[in-house]
Amino acid sequence: MGEERRVYSSEFKKEAVELTKTSGKKISHIAKDLGISVSNLRRWCRNYNEYGNNSFPGHGKRIPGTSEEEEIRRLKREL
């Protein structure tokens, strides 16, 4: 059967992103050292750059941002 999906804590993700900024190593080396895929680490970096500390709230649900973002989400649900 298929592989079981691994779940990473928000702290782990933030620390992994921080390593990409401070270690001077390539993302591929960091991902290999941590035992994660390069695509996961790149996605985490993109999310962190876009949302900052609100990037990894858990269970796939973003922490509410601006009222404008909330309005957009509400309208999408209505559609």
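Results, tabulated for the structure shown:
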| read-out | value |
| --- | --- |
| Exposed-site-free run, longest, the chain (rule: GluC sites (Glu not before Pro); DSSP loop; at most 10 other C-beta within 10 Å) | 5-79 |
| Virtual spin-label span in nm between Glu4 and Thr22, 7 Å along Cα→Cβ | 3.2 nm |
| Surface share of carbon and sulfur [accessible, 1.4 angstrom probe, percent] for the chain | 49 percent |
| Debye, to nearest 20: dipole size of the chain, +1 on Lys, Arg Cβ, -1 on Asp, Glu Cβ | 260 debye |
| Lysines whose Cα lies under 17 Å from that of Lys13, excluding same-chain neighbours fewer than 8 positions away | Lys21, Lys25, Lys26, Lys32, Lys61 |
| Two-decimal Rg to Rh for the chain - Kirkwood Rh, Cα set | 1.06 |
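The values are calculated or read from the model by the stated rules, or taken from the named source; none is laboratory data. Since this is a predicted model, take the numbers as computed values, not measurements. In this analysis, Cβ positions are derived from the backbone assuming ideal geometry, glycine residues included, and neighbour counts consider all displayed protein chains. Surface areas here come from the heavy atoms of the whole protein model, side chains and all, with no ligands, DNA or RNA. Shrake-Rupley method; radii C 1.70, N 1.55, O 1.52, S 1.80 Å.
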